[in-house]
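Enquirer: Structure provided below as structure tokens; questions to follow.
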Amino acid sequence: LMAKVYWPYFDPEYENLSSRINPPSVSIDNTSCKECTLVKVDSMNKPGILLEVVQVLTDLDLTITKAYISSDGGWFMDVFHVTDQQGNKVTDSKTIDYIEKVLGPKGHAASSQNTWPGKRVGVHSLGDHTSIEIIARDRPGLLSEISAVLADLHFNVVAAEAWTHNRRIACVLYVNDNETSRAVDDPERLSAMEEQLNLVIRGSEQEDEKVARTSLSIGSTHVDRRLHQMLFADRDYDAVSKVDGSGLEPKITVEHCEEKGYSVISVSCEDRAKLMFDIVCTLTDMQYIVFHATITSSGPHASQEYFIRHKDGCTLDSEGEKERVIKCLEAAIHRRVSEGWSLELCAKDRVGLLSEVTRILREHGLSVTRAGVTTVGEQAVNVFYVRDASGNPVDVKTIEALRGEIGHSMMINVKNKVPSRRWKQEGQAGTGGGWAKTSFFFGNLLEKFLP
């Protein structure tokens, strides 16, 4: 006779009960430090909680200058030193209230549902829309071709974000119907759009469908995290990056901590906005748990140390696993790095606006390395980081010619970000010189979105 196996009973409400007994707490301290605001978070520990907290702070475009993470055992205790984009303390009451609401007792358990408006895929956070995901081999003018297809089919691009890395492009677009301003649910129309986009992104090379593809998104994933996931699944980290000698190459090491049984990942690289998010996001998606971490930044340099184990409790013991983690973190750091010229455009929203702007960029021989589009009311805000068709810095004359052509029909702001090797000379002098942590495009619309 086989004996019956009786599994211990776990109350499904246990976690909620524990959260009610020991609710998470968040405190915003503007008195302990002269230069920055301290955000202290205490909570029950759970998988992914560090990423949730970092995501909330970075979606508000706050700069994390230091952080101390400890989540051994059942409790999670973090201290973040943060400033706004101008390097000042966080004193805006709406921002403080939002942090306390999302990370506090009432918001934390569902913080994944309360992430920053406009940073989600597949959720109606920007109104009624359809989400499109695209991954493909990058080439000059591809974004222009994609937006032209959508304009021809009378889809309005409400918001979009695109990253390029190692000759690959990942893009998430929010679109709606031009006539109704609502999501498109006609299967024939959606099928036609998907078919035409697939033709465009495969181009003349007739790439395998596994290499270039488009899909209509469902679910509720944070946009930046989704872009990391798409490029990671596409194995962009396997390609050899072009080293330009600008001092941008990160130094990453993996060592073993015998005493506590952790693997220790040390990252030393140029500091930039959202660096911690990109690293924690990648470690989380690779199924590693961060138990302790120390984050510091000094001028243009960042130093980050993570004590981790795989979710199965193992450390990184094989050389192959260590090498893979290093390559994946290098890719995560590089995806968001954008030196050179950035163009910030503001105009009245209309169908075909993105197509028109990207066509003009293409006609001037510019290639988009990173892009962001969002809509607030009737205004569209577009941000493009550009290089020339060969991937080299753009000539000033080209930028001025572009400004002359576009400037008569929309507001345009041009910035040039230089490598940090010139940071001391130029870093604080110009509009966007050095590694000044300028907002990309969502966070600076804070007061527009918050009630």
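Enquirer: May I ask you to list the trypsin sites (Lys or Arg not before Pro) in segment 29-100 that are in a DSSP loop and have at most 11 other Cβ atoms within 10 Å of their Cβ?
Expert: LYS34
Enquirer: Once you've got the Cα coordinates, tell me which of LYS66/LYS94; LYS40/LYS89; LYS46/LYS311; LYS46/LYS66; LYS66/LYS274 are over 20 Å apart.
Expert: Long pairs (Cα-Cα over 20 Å): LYS66/LYS94; LYS46/LYS66.
Enquirer: Would you mind computing Rg(Cα) / (2.2 N^0.38 Å) for segment 297-379, counting N as its residues?
Expert: Relative to the rule-of-thumb radius for its length, segment 297-379 sits at 1.73.
Enquirer: Return the loop-located trypsin sites (Lys or Arg not before Pro) in segment 247-316 (DSSP other than H, G, I, E, B) with at most 14 other Cβ atoms within 10 Å of their own Cβ; answer none if there are none.
Expert: LYS260, LYS311
Enquirer: Based on Cα coordinates alone, diagonalise the gyration tensor for segment 141-202, multiply each eigenvalue by 5, take square roots, and list the semi-axes in whole Å, largest first.
Expert: Equivalent ellipsoid semi-axes, largest first: 21, 13, 10 Å.
Enquirer: If you don't mind, there's one more thing I want to ask. What number comes out for accessible area per residue over segment 349-393 if the probe is 1.4 Å? Units Å², please.
Expert: 38
The values are calculated or read from the model by the stated rules, or taken from the named source; none is laboratory data. As the structure is a computational prediction, the values presented were derived from the model and not from experiment. Counting neighbours? That spans all protein chains shown, and the Cβs are built from the backbone with ideal geometry, glycine included. With ligands, DNA and RNA removed, areas are computed over all heavy atoms of the protein, side chains included. Shrake-Rupley method; radii C 1.70, N 1.55, O 1.52, S 1.80 Å.
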